[in-house]
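Single-structure report; data block below.
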Amino acid sequence: MKALITGATSGIGRCIARELHRKGWKLILSGRNEEELAALKKEFGESTETFRAELSDREQVMELYRFCSGKNVDMLVNNAGFGIFGRFDEIPLEDELRLIDVDITAVHILMKLFLRDFKKRRRGYILNVASSAGFLTGPLLASYYAAKNYVVRLTFAAAEELRRDGFRDIKVTVLCPGPVDTNFNRRAGVEFSVKPVTPEYVADYALRKLFAGKLIAIPGLMVRAGVFASRFLPHKLLSAVTYEIQKSKLKNSGNSRR
């Protein structure tokens with residue numbers, strides 16, 4: 001069995017890679033940091049393949065897919081992504097367009113192309129890493145929340161199409177964690193009001209849900225309860241609450257990517 005993991009050099013992506021390696025999977029790891037990719041290849045052994053890619057560039061996304069073609073990839077982990085903090089009108093447009101390219105366009109392209117391959121073979125796994133933000137509106141993180149909403153809804157739609165068409169051996173899961181203790185948060189300059197979970201826990205939880213065929217994976221009881229409760233609150237109230245949460249934890253404006 002072989003898996004492609006984007007954003008594999010840190011955080012959740014690296015922990016998913018380690019967990020799959022422990023389970024005996026062969027890996028294709030993608031990221032921007034060549035040194036980290038080389039370190040992971042050394043850690044996992046020569047059977048591990050790496051591909052440096054800037055996923056904000058659509059041609060490099062296609063190059064990554066072509067690199068994987070013919071290698072019988074059984075699992076796609078769409079993990080690469082980043083967030084930008086700040087007021088919507090003040091964030092540089094180019095930064096937000098780059099976010100859309102990585103968090104939405106690259107996810108969309110890879111999911112579509114690998115899903116076509118999996119349908120031909122009638123089996124495969126897709127894990128899209130979104131966020132609990134994907135169920136909410138996010139003032140001060142507007143583009144990030146909107147992007148994760150896209151990933152959540154895209155995953156739901158594709159899963160329903162697969163169910164209707166009888167592809168029971170293609171498993172599609174969207175991972176929607178709350179606060180996670182990774183460099184994604186530290187580099188962005190944010191502090192959480194609740195204790196974040198570890199990326200190791202998130203990786204293990206996500207893979208268990210994926211292999212079990214669960215559509216949604218939300219690590220942590222409190223986060224699951226919060227997502228459930230949000231369904232019953234007015235959008236204006238949710239937006240106001242989210243604004244206050246983001247404002248309180250924002251130490252300085254900036255961006256981070258995994």
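What the table shows:
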{"read-out": "Filter result for Val61 (out of contact with any strand residue (DSSP E or B) (no Cβ under 9 Å at 6 or more places or on another chain), buried (at least 19 other Cβ atoms within 10 Å of the Cβ) and in a helix (DSSP H, G or I))", "value": "yes"}
{"read-out": "Failed criterion for Leu37 (all others in (1) surrounded by fewer than 16 Cβ atoms within 10 Å (Cβ to Cβ); (2) not in a loop (DSSP other than H, G, I, E, B) hold)", "value": "(1)"}
{"read-out": "Whichever residue in region 100-142 is touching a residue at least 60 places away in the same chain (Cβ under 8 Å), assigned to a helix (DSSP H, G or I) and touching a strand residue (DSSP E or B) at 6+ places or on another chain (Cβ under 7 Å) and, among such residues, is nearest to Ser56 (Cα to Cα)", "value": "Val102"}
{"read-out": "Out of Ser30, Ser47, sole residue that is in contact with a Lys or Arg (Cβ under 7 Å, 6 or more places away or on another chain) and of a type in the set (Ser, Thr, Tyr)", "value": "Ser47"}
{"read-out": "Hits in region 64-90 - residues which are surrounded by 13 or more Cβ atoms within 10 Å (Cβ to Cβ) and within 27 Å of Arg121 (Cα to Cα)", "value": "Leu64, Tyr65, Phe67, Cys68, Val73, Asp74, Met75, Leu76, Val77, Asn78, Asn79, Ala80"}
{"read-out": "Test for Lys171: is it assigned to a helix (DSSP H, G or I), of a type in the set (Lys, Arg) and touching a residue at least 40 places away in the same chain (Cβ under 8 Å)", "value": "no"}
{"read-out": "Complete set of residues in region 209-251 that are part of a loop (DSSP other than H, G, I, E, B) and within 20 Å of the chain's Cα centre (by Cα)", "value": "Ala212, Gly213, Lys214, Leu215, Ile218, Pro219, Gly220"}
{"read-out": "Any chance Phe51 is in contact with a helix residue (DSSP H, G or I) (Cβ under 8 Å, 6 or more places away or on another chain), on the phi < 0 side of the Ramachandran plot, without any contact (Cβ under 8 Å) to a residue 60 or more places away in the chain and in a strand (DSSP E or B)", "value": "yes"}
{"read-out": "In region 203-258, the residues that are modelled with pLDDT of 85 or more, surrounded by 17 or more Cβ atoms within 10 Å (Cβ to Cβ) and out of contact with any helix residue (DSSP H, G or I) (no Cβ under 9 Å at 6 or more places or on another chain)", "value": "Tyr205, Lys209, Leu210"}
{"read-out": "Residue list for region 10-30, filter: within 15 Å of the chain's Cα centre (by Cα) and either surrounded by fewer than 24 Cβ atoms within 10 Å (Cβ to Cβ) or in contact (Cβ under 8 Å) with a residue 60 or more places away in the chain (or both)", "value": "Ser10, Gly11, Ile12, Gly13, Arg14, Cys15, Ile16"}
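The values are calculated or read from the model by the stated rules, or taken from the named source; none is laboratory data. Worth saying up front: this structure is predicted, and the values here are computed from it rather than measured. Positions of Cβ are generated from backbone atoms using ideal geometry, with glycine treated the same way; all protein chains shown enter the neighbour counts.
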